[in-house]
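All of the numbers you see were taken from the coordinates with simple rules; none came from a lab. These numbers come from a predicted model, not from an experiment. Note that each Cβ is placed from the backbone with ideal geometry, even for glycine, and that neighbours are counted across all protein chains shown.
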Amino acid sequence: MRVAALFSGGKDSTYAVYVAQQRGWTVSHLLAIHPEDPESMLYHVPNLHATPLQAEALGIPLLEERAGTGEEAELEALRRILRRSGAGAVLVGAIASDYQHRRVNRVSHELGVRVFAPLWRRNPEHLLADYLAAGMDIRFSAVSAEGLDASWLGRPLDATAAQDLLRLRDRVGVHPCGEGGEFETLVLHAPPFRRRLEVEAAKPVWEGRSGYWRITKARLA
């Protein structure tokens, strides 16, 4: 099986690539879409400039596409990048977002592209355990929810953070994998990586009740 993978550099798209490779599939390309809208509901936003380094670490060719503002412009960017890839199947890291899942499926159906979502509807608590068991080095790159303050920016998603997320789920309804937009992540290392992404300079930016971890300098170690 050959697939292209929608790739943001976050935990879910990275783990989906790992799952596909564990199944013996060939991931032919990584597809990264850069939205113009910082509040995009369809695409990951923070630190997308790091995806070329992650693609190099994975040893998989990267295709990038810019998306204008608005849902139709974002969907058109998806059409363009799927056509460019020439893929007959696309891999996505969606877990629970019906908004994203429906739209990716609609565009893929239009183009005759099959969609594989190996994490879809998985128990988020079990997924967190899987990420930790795989030895992934995951950092929080953006937060926007009650209980997630500036101290989470750049924090590793380790066993302690996972337990904190589960407590926030029980207390205020935070989705443990961030599928409600509560947080986004960046992967520095994972089993498929041949080299580790090393952040040499980064700055937390806090904007009232949300913030992001802006990476200004990174390299492969």
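Most tightly packed first, judged by the mean number of other beta-carbon atoms within 10 Å of their residues, the peptides 46-56, 194-204 read 46-56, 194-204. Rg and Dmax of segment 124-220, based on Cα coordinates, read 13.4, 39 Å. Volume of the convex hull of segment 2-116 (Cα atoms only), normalised per residue: 90 Å³. Dividing the mean sequence gap of close Cα pairs (under 8 Å, 6+ apart) by how many residues segment 99-221 holds gives a relative contact order of 26 percent. In plain terms, the C-alpha convex hull of segment 113-165 casts an average shadow of 5.0 nm² when viewed from every direction. Segment 20-45 and segment 53-114 have Cα centres separated by 6 Å.
Within the shell defined by Cβ-Cβ distances under 14 Å, the residues around Glu125 carry a net charge of 0, with Lys and Arg each +1 and Asp and Glu each -1.
Take every Cα pair under 8 Å in segment 1-91 that's 6+ residues apart, average their separations, divide by the length, and report that relative contact order as a whole percent.
In percent, rounded to a whole number, it is 36.
Each 5 Å bin, from zero up to the one with the longest distance, holds this percent of the alpha carbon pairs of the chain: 1, 7, 15, 20, 21, 18, 11, 5, 1, 0.
How much net charge surrounds Glu184 when only other residues with a Cβ under 15 Å from its Cβ are counted (Lys, Arg +1; Asp, Glu -1)?
Around Glu184, the charge tally is -2.
Taking Cα centre as origin and charging only the Cβ of basic (Lys, Arg, +1) and acidic (Asp, Glu, -1) residues, the dipole magnitude of the chain rounds to 740 debye.
Defining a contact as two alpha carbons under 8 Å apart and six or more residues distant in sequence, what relative contact order in percent does the chain show?
22 percent
Between the listed residues Ala142, Leu128, Ala159, the Cα displaced farthest toward the positive end of the dipole of segment 124-220, a dipole computed from Cβ unit charges relative to the Cα centre, is found at Ala142. The C-alpha atoms of the chain define a longest principal axis, and helix 124-133 lies at about 90 degrees to it.
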